[in-house]
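Just below is one structure, and these are the notes that go with it.
The values are calculated or read from the model by the stated rules, or taken from the named source; none is laboratory data. All values derive from a computational prediction rather than experimental measurement. Neighbour counts run over all protein chains shown; Cβ positions are idealised from the backbone, glycine included. Side chains included, ligands, DNA and RNA excluded: accessible areas come from the protein's heavy atoms. Shrake-Rupley method; radii C 1.70, N 1.55, O 1.52, S 1.80 Å.
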Amino acid sequence: MAHLSNTEFQPLNIAVLTVSDTRNIDSDTSGQALIDGLQNAGHTLAERAIVKDDIWQIRARVCSWIASENVQVVLITGGTGFTARDNTPQAVQPLLDKDVDGFGELFRHVSLSEIGTSTVQSRALAGMSNGTLVCCLPGSTNACRTAWNKILVEQLDSRTKPCNFVPHLKAAAVDNCGPRS
């Protein structure tokens, strides 16, 4: 486990998916907050998409990114609440090879000081699939900032000790095409 950090920063290719029946690129402040965070940290936006809160649309998009040689991390915002239209956890869970149980636990812990006991209604989760880290976050812009600033920025940084997710991710294929939307 001592070898799970690196002294040099390794930029990752990260895809951002917004799950929403109402948002578009102009009104997607949560997805944009994640993009701002990952780019400010030195990572690359591999792709960005918005899909309706539908299990099959979510799975189709996430599956394509898990299978892609160019996507190492998938960040999903939205669809993690308790309404009938909140389907992200049900869509993503069957795709995961391993759960990262501590992610949801830690997210709810760090959210407690911001939103109080309402944090128990978050179904945030994460897991690994085909060498891709997949994280499901609430649709709130503040929740996305909290997840990025208090968990993801460190765990996606190869220099974080004693360990981080970078060594567990597939190596990205060289892609000179740049970000796609």
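Of all residues in the range 126-154, those that are among the aromatic types (Phe, Trp, Tyr) have Cβ atoms under 8 Å from Cβ atoms of residues that are modelled with pLDDT of 95 or more, 6 or more apart or on another chain, in Trp148/Ala33; Trp148/Leu34; Trp148/Gly37; Trp148/Leu38. Applying the condition of being over 10 Å from Leu17 (Cβ atoms) and at pLDDT below 95 to the range 55-86 and asking which residue is least open to solvent (accessible area, probe 1.4 Å) yields Thr80.
Under the condition of being among the hydroxyl-bearing types (Ser, Thr, Tyr) and free of Cβ contacts under 8 Å to residues at least 24 places away in the same chain, which residue from the range 110-125 is least open to solvent (accessible area, probe 1.4 Å)?
Thr119
Take the residues in the range 13-42 that are open to solvent by less than 10 Å² (accessible area, probe 1.4 Å) and out of contact with any helix residue (DSSP H, G or I) (no Cβ under 7 Å at 6 or more places or on another chain), then tell me which one is nearest to Thr132 (Cα to Cα). Top of the filtered list is Leu38.
Does at least one position in the range 144-153 carry a residue that is among the polar types (S, T, N, Q), more than 21 Å from Trp56 (Cα to Cα), in contact with a Pro (Cβ under 6 Å, 6 or more places away or on another chain) and surrounded by 15 or more Cβ atoms within 10 Å (Cβ to Cβ)? No, because not a single residue in the range 144-153 is among the polar types (S, T, N, Q), more than 21 Å from Trp56 (Cα to Cα), in contact with a Pro (Cβ under 6 Å, 6 or more places away or on another chain) and surrounded by 15 or more Cβ atoms within 10 Å (Cβ to Cβ).
Scanning for something charged (D, E, K, R) and in a loop (DSSP other than H, G, I, E, B), does the range 95-116 turn up at least one residue? Among the residues of the range 95-116, at least one is charged (D, E, K, R) and in a loop (DSSP other than H, G, I, E, B), which makes the answer yes.
Out of Ile50, Ile58, one residue alone is touching a residue at least 40 places away in the same chain (Cβ under 8 Å) and among the β-branched types (Val, Ile, Thr). It is Ile58. Taking the conditions exactly as written (exposed (fewer than 15 other Cβ atoms within 10 Å of the Cβ) and of a type in the set (Asp, Glu)), does Glu47 satisfy them or not? Against the criterion (exposed (fewer than 15 other Cβ atoms within 10 Å of the Cβ) and of a type in the set (Asp, Glu)), Glu47 does not qualify. Entry remark, the range 9-44: residues being within 14 Å of Val153 (Cα to Cα) and part of a helix (DSSP H, G or I) number 8 in total.
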